[in-house]
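Working notes, beginning with the structure itself.
The values are calculated or read from the model by the stated rules, or taken from the named source; none is laboratory data. The structure displayed is predicted, hence computed values, not measured ones. Don't worry about glycine lacking a Cβ; one is built from the backbone with ideal geometry, like all the others, and counts go over all protein chains shown. Ligands, DNA and RNA are excluded from the accessible area calculation, which covers all protein heavy atoms including side chains. Shrake-Rupley method; radii C 1.70, N 1.55, O 1.52, S 1.80 Å.
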Amino acid sequence: MKIAVIYIAEPYQCYHTASVADALSSEFNFDVTEYYSFPETVQHLERIRAAMHAPALQLRQFHKSWKAKTLKTFRRLDQERILVLRENVDELNQYDAVVATEYTAGILKDMGLRHPALILLMHGAGDRYVNDDHHVRDFDLALFPGVKIENYFKQKNLIRPGHYAVVGYPKFDVFEAVKKESPVLFTNGRPFVLYNPHYQRQLTSYKACMGEIIRGFSDRHDYNLVIAPHIKVFHKGFGLRARRLKQQARGNILVDTGSPAMLDMTYTSQAAIYVGDVSSQVYEFLAEPRPCVFLNPRKLKWRDDPYFLHWTLGDVVEEPEDLMPAILRAPERHAIYRPLQEKLFRETFGEPLLGGSVRAAKAIADYLKAHPPAGGHNG
């Protein structure tokens, strides 16, 4: 059978999906072709394959009309993504299955995707509200990292038995391979705090707290600071925001606006303390339970809201001036939160931690065996 694995957004998707594509090819002998939208994706795929000692797969760039290219030039990336999917439906209809890692791909059925099984391999495992998660019902098979996400979709009546599976988090397999590369090093040898603001306008702490955290660490002699926002923070502004932020870097403050370390768990695996708002990366950080601080400058009413479940895993700060005191006392308060961190981590990712790539590939293979495409391609 022929399978298309599609990367329709930035290269962060590679770290969730490439290892599953490898397993589909090597373990189950599927004919796998990867499609990409962002040219940088190719370098990330090559890096992952080299680290995992996996052979390259067939690789194709999505066809893009002049209109799609114009949308990308002007950073209208959400609109561009939808148009690119529409323009490539006929190409994708040649496959027996299409594997995607974001909900947006669910609209392919409405765009005319008829022959292939449409499969969702979730990226991220956070709690925040996502306004297009209803598209999960448009997939023939959805693969979830753990029971937390499974229960969420069951409660919303968006999944049905036989059309989903809990497989773990393939990104951990990728990290196990790439972590052999150089660690984050500061010349002073001190531990670092990771600040990881999200991009969503209504929830991010970026504007309200960035200046305060930079000032707070500028003259500290106990911690370094790594600033690594979600990559989509830099979608707009034609690079101006990234350039301005990079100007804040100094000896004990590392600013990252686009390196692989932002995407592959390098920072979340090595930080001493996590500071953020609603990014799902906090759960990746908790592979080793450590202190967390969450920022709520908009004073959202978050208690008892399941979309802010992760805010129960550390102190929540509302006033920017309280940020640094909360960070500095986080290690001594960690004992309060550690038991719940461990519990939610297990519910989010399940056990064992490694092996999710093969489990995901097997779930896909089992589904396609039980639901063979009519007139399918053999191979």
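What to note about this one:
- Note that the chain presents 44 Å² accessible area per residue, ligands and nucleic acids not counted, probe 1.4 Å.
- Computed on the chain, with alpha-carbon pairs under 8 angstrom and 6+ residues apart, the relative contact order is 20 percent.
- P(r) tail for the stretch 186-349: Cα pairs beyond 19 Å make up 52% of the total.
- Pairwise label distance in nanometres, Lys109 with Tyr129, each label 7 Å out on the Cα-Cβ vector: 2.4 nm
- Close amide-amide hydrogen proximity is noted between Tyr35 and Val5, Ile6, Tyr7, Arg60, each under 5 Å apart and 5 or more residues distant or on a separate chain (H modeled in the peptide plane; Pro and chain starts excluded).
- Values of log10 I(q)/I(0), in the order q = 0.17 Å⁻¹, for the stretch 147-208 under a Debye, Cα-only, solvent-free model: -0.97
- Projection of the Cα convex hull of the stretch 55-183, averaged over all directions and equal to a quarter of that hull's surface, yields 10.5 nm².
- Net charge dipole, the chain: roughly 880 debye, given to the nearest 20, about the Cα centre with Cβ charges of +1 for Lys and Arg and -1 for Asp and Glu.
- Dipole of the chain [Lys/Arg +1, Asp/Glu -1 at C-beta], most positive-end residue of Leu286, Gly106, Val167: Gly106
- 9 Å beta-carbon shell around Val278, net charge (K/R +1, D/E -1): -1
- Counted charge near Phe192, where neighbours are those whose Cβ lies closer than 14 Å (Asp, Glu -1; Lys, Arg +1): +2
- Considering only Val147, Asn296, Phe74, the residue lying farthest towards the positive end of the dipole of the chain is Phe74, judged by Cα position with unit charges set on Cβ.
- Accessible surface of Arg160 - all protein chains present, 1.4 Å probe, nearest 10 Å²: 110 Å²
- Derived value for the chain: Kirkwood hydrodynamic radius 21.5 Å. Basis is the mean of 1/r over every pair of different alpha-carbon atoms.
- In the chain, a dipole from Cβ-located charges (positive for Lys and Arg, negative for Asp and Glu) runs towards its positive end, and of Asn29, Thr312, Ile364 it is Thr312 whose Cα lies farthest in that direction.
- In terms of the mean number of neighbouring beta-carbon atoms within 10 Å, the peptides 252-265, 121-134 order highest first as 252-265, 121-134.
- Heavy-atom accessible surface of the stretch 91-161: percent carbon and sulfur, 1.4 Å: 44 percent
- Nonpolar atom fraction for the stretch 186-349, defined as the carbon and sulfur part of the 1.4 Å probe accessible area, stands at 50 percent.
- Using a cutoff of 8 angstrom between alpha carbon atoms and counting only pairs six or more residues apart, the relative contact order for the stretch 186-349 works out to 24 percent.
- Residue by residue, the stretch 346-351 carries 3J(HN,Hα) couplings of 4, 5, 6, 10, x, 9 Hz when phi is fed to the Karplus relation 6.51 cos²θ - 1.76 cosθ + 1.60 (θ = phi - 60°); x denotes Gly or Pro.
- For the stretch 181-271, the Cβ-based charge dipole about the Cα centre amounts to some 520 debye (Lys, Arg positive; Asp, Glu negative; other atoms uncharged).
- For the stretch 186-349, share of DSSP beta bridges that run antiparallel, in % to the nearest 5: 5 percent
- For the stretch 195-205, Karplus couplings with θ = phi - 60° (6.51, -1.76, 1.60), whole Hz, Gly/Pro x: 9, 10, x, 7, 9, 5, 4, 6, 10, 5, 9
- Hz values of 3J(HN,Hα) by residue in the stretch 132-142 - Karplus curve (6.51, -1.76, 1.60), Gly and Pro given as x: 10, 5, 5, 5, 4, 6, 7, 8, 6, 9, 10
- Lys, Arg +1 and Asp, Glu -1 on Cβ, resulting dipole of the stretch 186-349 about Cα centre, debye, nearest 20: 580 debye
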